[in-house]
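Participant: Sharing a structure, written as structure tokens. Questions coming.
The values are calculated or read from the model by the stated rules, or taken from the named source; none is laboratory data. Given the structure is predicted, the values throughout are model-derived calculations rather than measurements. Here the Cβ positions follow ideal geometry from the backbone for every residue, glycine too, while neighbour counts run over all protein chains shown.
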Amino acid sequence: MTASSTVPKFGSLFGAARMLIDGEWVESASGSTFDVVDPGTGEVVAQAAEGTEADVDAAVQAARRAFEEQRWLRLSGAQRGVVLWRVADLIEANVEELARLESLDVGMPLAVSRAFMGEAANQFRYFAGLADKIHGRSLEIGPAERRFHAYTAKEPVGVAGLIVAWNSPLFGATMKLAPALAAGCSCVLKPSEEASLTPLALGGLLLEAGVPQGVVNVVTGFGPQVGAPLVAHGSVDKVSFTGSTQVGKQIVRAAAGNLKKVSLELGGKSAMIVLPDADLSQAVGELAMGIFMNSGQICTSGSRLLVHRNVFDEVVEGVAEFAKALKVGYSTDPVDLGPLVSQRQLDRVTEYVTGSVADGARVVCGGSRIGDEGYFFEPTVVADVDPSMSVVREEIFGPVLAAMSFTDVDEAVAAANDTEYGLAGSVWTRDVAAAHGIARRMRTGRVGINAHRAGGVQMPVGGYKQSGWGRENGTEAVEEYLETKSVVTLLDR
Ligand code: NAD
């Protein structure tokens with residue numbers, strides 16, 4: 001593996017360890033910084049400003065002022081759309097720098113980072129187009145002798161605190177920022193401590209595109225020191241959170257103080273159901289990438305494989321062969337998969353695999369760390385698992401697939417739904433009626449048929465059960481940042 005020494009264009013900013021508050025690049029109030037580590041080498045490559053409650057308060061106050069002064073809201077929806085479209089253009093104009101920065105920060109293969117940048121631009125284009133289509137409805141109500149003209153108005157919820165995970169840091173941030181800005185909100189973005197760089201770069205591009213000062217603020221740092229005070233802050237009207245179900249529950253409790261609105265994009269343990277008539281020549285590679293893409297560090301990863309017993313061995317062996325052929329290595333080399341994001345994540349994945357073996361599971365392929373530099377882990381398939389094992393029940397967030405067989409569709413659906421999560425899933429068959437029947441019965445926010453995780457900004461995503469509240473993407477996303485007001489006027493008859 002070879003490490004790249006490319007210095008990203010945005011690098012000077014991060015060397016200075018600043019964050020974005022009220023349109024200014026400032027150090028943290030404490031002056032503290034923390035290490036940015038390249039997960040491909042384990043080396044420190046930059047410093048980020050370590051925010052605290054004081055920085056959060058400054059950012060929230062800046063966002064509140066920007067909102068009350070209507071710096072952004074005074075623009076028409078169409079004018080806001082023009083600015084948001086410009087953000088998409090700027091992301092595309094800087095795609096190479098952004099992708100390299102993201103790969104350096106989280107280890108994602110460069111080609112995957114570039115693809116995520118394209119998706120990030122799509123977010124801004126979609127919500128740019130929606131910004132002038134946010135409207136209520138009008139109607140006439142009341143009995144004949146006392147009629148009213150009535151209408152609803154959609155208004156921005158106010159100051160939105162946006163907390164994101166590290167697994168696709170820039171794209172994850174745009175999934176919140178683009179609809180929040182289309183709605184007219186002011187925002188405080190808190191990136192993951194594992195991935196500060198591209199969210200900061202995005203802050204710069206938003207200013208360059210013409211988003212007024214203070215409308216978007218970016219505060220870097222750790223969950224308890226930055227995320228928690230943001231969620232608890234009395235001047236924040238709404239929190240949108242992407243992260244683990246465990247922290248999501250803390251968010252709900254912490255938001256209770258001023259009963260701020262909350263939406264949550266949380267964890268998953270998604271099932272891929274393969275019926276015996278599936279086109280296996282097409283399915284096997286896609287099933288493998290359904291779990292292994294981004295080294296399994298995607299909320300919608302298909303981490304449970306449920307295969308009809310007649311084709312179980314063929315499918316599991318096919319996925320294992322595909323896994324063994326995947327190239328794992330440094331992000332700027334021509335690889336399929338990069339490292340896990342951190343030593344912590346590497347330890348976590350290792351423990352799940354060794355724990356499953358101790359429980360009696362069989363490792364079909366993979367199962368070990370690769371090398372001793374960086375946080376690389378082999379794409380892994382385990383079989384002979386039972387539904388009580390933690391490798392089957394818990395989200396690992398790594399390249400680990402648990403394979404189980406079933407004998408009929410009812411058993412497959414019951415197994416797929418036997419989880420506290422409900423984020424995604426897929427069904428693989430040539431039988432259209434069976435596919436749609438299973439899609440209906442899966443208790444998840446999204447289902448792929450002969451595809452896992454297919455979709456786009458147009459399609460809402462989110463969780464059933466403990467995978468979350470609310471939706472991102474689609475027109476549903478903008479609703480998460482709007483209030484509805486009813487106005488009723490007595491008619492003169
Ligand atoms: P995490 O829950 O540890 O952290 C997420 C974010 O919350 C980070 O920015 C972190 O600093 C912050 N945070 C931590 N403690 C906090 C607190 N007490 N108050 C406020 N903020 C706090 O998750 P992670 O390890 O960064 O990401 C992996 C998880 O995210 C997985 O569970 C994955 O499924 C989930 N995820 C979900 C989606 C989705 O759309 N459903 C997308 C990506 C990731």
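Participant: Which condition breaks for ARG393 when tested against (1) among the charged types (D, E, K, R); (2) within 16 Å of the ligand (Cβ to nearest atom); (3) more than 27 Å from PHE312 (Cβ to Cβ)?
Facilitator: (3)
Participant: Could you tell me which residue of the range 55-76 is farthest from LEU230 (Cα to Cα), considering only residues that are aliphatic (A, V, I, L, M) and within 27 Å of the chain's Cα centre (by Cα)?
Facilitator: Per the stated criteria, the residue is LEU73.
Participant: Filter the range 74-102 down to the residues that are surrounded by fewer than 20 Cβ atoms within 10 Å (Cβ to Cβ) and either not in a helix (DSSP H, G or I) or not assigned by TED's automatic domain parsing to the domain that holds PRO156 (or both) and list them by number.
Facilitator: ARG74, LEU75, SER76
Participant: So, one more: If I ask for residues that are in contact (Cβ under 8 Å) with a residue 12 or more places away in the chain and either outside the structural domain of ASP279 (by TED's automatic domain parsing) or surrounded by fewer than 24 Cβ atoms within 10 Å (Cβ to Cβ) (or both), which ones from the range 397-415 would you list?
Facilitator: Within the range 397-415, MET404, SER405, PHE406, THR407, VAL409, VAL413, ALA415 qualify.
Participant: Consider the range 36-73. How many of its residues are in a helix (DSSP H, G or I) and surrounded by fewer than 19 Cβ atoms within 10 Å (Cβ to Cβ)?
Facilitator: 6
Participant: Might you let me know whether the range 34-43 holds any residue that is more than 25 Å from the chain's Cα centre (by Cα) and either at pLDDT 95 or above or not hydroxyl-bearing (Ser, Thr, Tyr) (or both)?
Facilitator: yes
Participant: Tell me which residues, restricted to the range 321-350, are hydrophobic (A, V, I, L, M, F, W, C) and within 15 Å of the ligand (Cβ to nearest atom).
Facilitator: LEU340, VAL341, LEU346, VAL349, listed by residue number.
Participant: Further question: Is it true that some residue in the range 293-315 is away from the ligand (no atom under 16 Å from the Cβ), among the β-branched types (Val, Ile, Thr) and assigned to a loop (DSSP other than H, G, I, E, B)?
Facilitator: No.
Participant: Kindly indicate the residue of the range 419-434 that is within 27 Å of the chain's Cα centre (by Cα) and closer than 13 Å to ILE273 by Cα and also farthest from the ligand (Cβ to nearest atom) among those meeting that condition.
Facilitator: Looking at residues that are within 27 Å of the chain's Cα centre (by Cα) and closer than 13 Å to ILE273 by Cα, I get TRP428.
Participant: Residues of the range 198-217 being closer than 18 Å to LEU104 by Cβ, touching a Lys or Arg at 6+ places or on another chain (Cβ under 9 Å) and not hydrophobic (A, V, I, L, M, F, W, C), which ones?
Facilitator: Matches in the range 198-217: PRO199 only.
Participant: When you look at VAL382, is it more than 16 Å from the ligand (Cβ to nearest atom) and either outside any loop (DSSP other than H, G, I, E, B) or at pLDDT below 95 (or both), yes or no?
Facilitator: Answer is yes for this residue.
Participant: Scan GLU145, GLU96 and give me the residue that is more than 16 Å from the ligand (Cβ to nearest atom) and farther than 25 Å from ALA201 by Cβ.
Facilitator: Working: GLU96 fails: farther than 25 Å from ALA201 by Cβ.
Answer to the check: GLU145.
Participant: Another question, then. Grab the strands (runs of 3 or more DSSP E) fully contained in the range 167-283, keeping just those with 3 or more residues being more than 10 Å from the ligand (Cβ to nearest atom) and out of contact with any Leu (no Cβ under 7 Å at 6 or more places or on another chain). Lay out the reasoning, then the answer.
Facilitator: Values: elements: 186-190, 216-218, 238-242, 261-265, 271-274.
Result: 261-265.
Participant: Yes or no: the range 416-438 includes at least one residue that is surrounded by fewer than 18 Cβ atoms within 10 Å (Cβ to Cβ) and either among the hydroxyl-bearing types (Ser, Thr, Tyr) or at pLDDT below 95 (or both).
Facilitator: No, the range 416-438 contains no residue that is surrounded by fewer than 18 Cβ atoms within 10 Å (Cβ to Cβ) and either among the hydroxyl-bearing types (Ser, Thr, Tyr) or at pLDDT below 95 (or both).
Participant: Determine which single condition SER301 fails, assuming it passes every other condition in (1) closer than 30 Å to ALA232 by Cβ; (2) under 21 Å from the mean Cα position of the chain (by Cα); (3) among the small types (Gly, Ala, Ser).
Facilitator: Only one criterion is unmet by SER301, namely (1).
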